[in-house]
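Chemist: Take this structure first; my questions come after.
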Amino acid sequence: MAITHQIKDLKTGKFQKKHGQSKSKLYHVWLSMRERCSNEKHKSYKHYGAKGIKVCQDWNNSFVSFSEFAISNGYKEGLTIDRIDVNKGYGPDNCRFVTTKDQNRNYSRNHLITYKNETLCLTDMANKYNVNRATVLYRLRAGKSLEEVFSQSDKRFKQ
């Protein structure tokens, strides 16, 4: 994603990079990231801006800066921006581009389970032990031990 040319802002006299990417998927990733962190009317603001999640100043002020980071760090269409530490904001030291499936494993409201010295999200643990996710939830809510939850295969869902 090359920067096409520079233009001079007549008001400030400064040169600005024109990216020519306002219709690209990455540009909309950038807009959405900024909106959910700063626009109180955005549907996801309560999960981001209201919790103090911010976009670093460099990215917030410059799509070009964000785009350069994204391209040099593996962005391609079909990937989403993911904060490595869900309690920190968007910036080059805390972001990566991953599949939606991988991003869902980093969700702040995920149910993490530690069993046999391994911590995984509930879905991954259920898959590992061949137990349906809903069955795992049912067994946990019924007060079963983790050994009981995962040692019993779920015969209804085996093929």
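Chemist: In the list ASN110, ASN61, which residue meets the criterion of being of a type in the set (S, T, N, Q) and in contact (Cβ under 8 Å) with a residue 12 or more places away in the chain?
Modeler: Going through ASN110, ASN61 in turn, the sole match is ASN110.
Chemist: For the range 17-42, which positions are at pLDDT 95 or above, of a type in the set (Lys, Arg) and surrounded by fewer than 16 Cβ atoms within 10 Å (Cβ to Cβ)?
Modeler: The one that is at pLDDT 95 or above, of a type in the set (Lys, Arg) and surrounded by fewer than 16 Cβ atoms within 10 Å (Cβ to Cβ): LYS41.
Chemist: Would a scan of the range 118-129 turn up a residue that is exposed (fewer than 12 other Cβ atoms within 10 Å of the Cβ) and assigned to a loop (DSSP other than H, G, I, E, B)?
Modeler: No, every residue in the range 118-129 fails to be exposed (fewer than 12 other Cβ atoms within 10 Å of the Cβ) and assigned to a loop (DSSP other than H, G, I, E, B).
Chemist: Residues of the range 70-95 being open to solvent by 30 Å² or more (accessible area, probe 1.4 Å), part of a helix (DSSP H, G or I) and not polar (S, T, N, Q), which ones?
Modeler: ILE71
Chemist: Moving to a separate point now. Tell me, which residue of the range 130-159 that is open to solvent by 100 Å² or more (accessible area, probe 1.4 Å) and assigned to a helix (DSSP H, G or I) is modelled with the lowest pLDDT?
Modeler: PHE157
Chemist: If we scan the range 53-60, do we find a residue that is part of a loop (DSSP other than H, G, I, E, B) and open to solvent by less than 30 Å² (accessible area, probe 1.4 Å)?
Modeler: yes
The values are calculated or read from the model by the stated rules, or taken from the named source; none is laboratory data. The structure presented is a predicted model; accordingly, all values stated were derived computationally and were not measured. All Cβ positions, even for glycine, are placed from backbone atoms using ideal geometry, and neighbour counts span all protein chains on display. Accessible surface areas use protein heavy atoms only, side chains included; no ligands, DNA or RNA. Shrake-Rupley method; radii C 1.70, N 1.55, O 1.52, S 1.80 Å.
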